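To start, the structure itself, in structure tokens.
Readers should treat all values here as calculations from the given coordinates under stated rules, not as data from a laboratory. Given the structure is predicted, the values throughout are model-derived calculations rather than measurements. Neighbour counts are summed over all protein chains in view; Cβ atoms, including those assigned to glycine, are modelled from backbone coordinates with ideal geometry.
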Amino acid sequence: MYEVFEHTADLGLRVTAASLEQLCADAAAGLFSVIAGDLAQIRPAVEERFEVSGADPTWLLYDWICELHAAFELRRMLFCSFDVARDATGLHATARGEPFDPAVHTLAHEIKAITQHELEVVRTPDGWKAAFIVDI
């Protein structure tokens, strides 16, 4: 589950999940809901694999979100569903979506960067929670 919150001239996302893998999947969905507004307008037509090395949960989430943001900025890929696994080497994920097409998709926000400001990933008694800010 994710929620978007306003932060001065930026937007933030708070994410909670039972597992770190689900937290990363929900954070990705939150990121693309900020970019595209409605994830339902994105078809899962193309599948892409992502590998993020590391062990620290905070930096795994940050690097994952930055990889997804780069996929949109460099290749105009919009994603709507995510499967995430983790092992000792890092995060292994599959994202499904399609290239941005202005005849089909609307965009809600232009994200300039994923910031490290107020970045946090914390294990809780119920699972995991995270927060991060995007510069719009």
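Please go through (1) more than 23 Å from residue 41 (Cα to Cα); (2) surrounded by 15 or more Cβ atoms within 10 Å (Cβ to Cβ); (3) not β-branched (Val, Ile, Thr) for residue 116 and return the number of the only condition it doesn't satisfy.
Going through (1) more than 23 Å from residue 41 (Cα to Cα); (2) surrounded by 15 or more Cβ atoms within 10 Å (Cβ to Cβ); (3) not β-branched (Val, Ile, Thr) one by one, residue 116 breaks only (2).
Considering the range 70-87 alone, what residues qualify as being surrounded by fewer than 18 Cβ atoms within 10 Å (Cβ to Cβ) and touching a Phe, Trp or Tyr at 6+ places or on another chain (Cβ under 8 Å)?
Passing the criteria: 71, 76.
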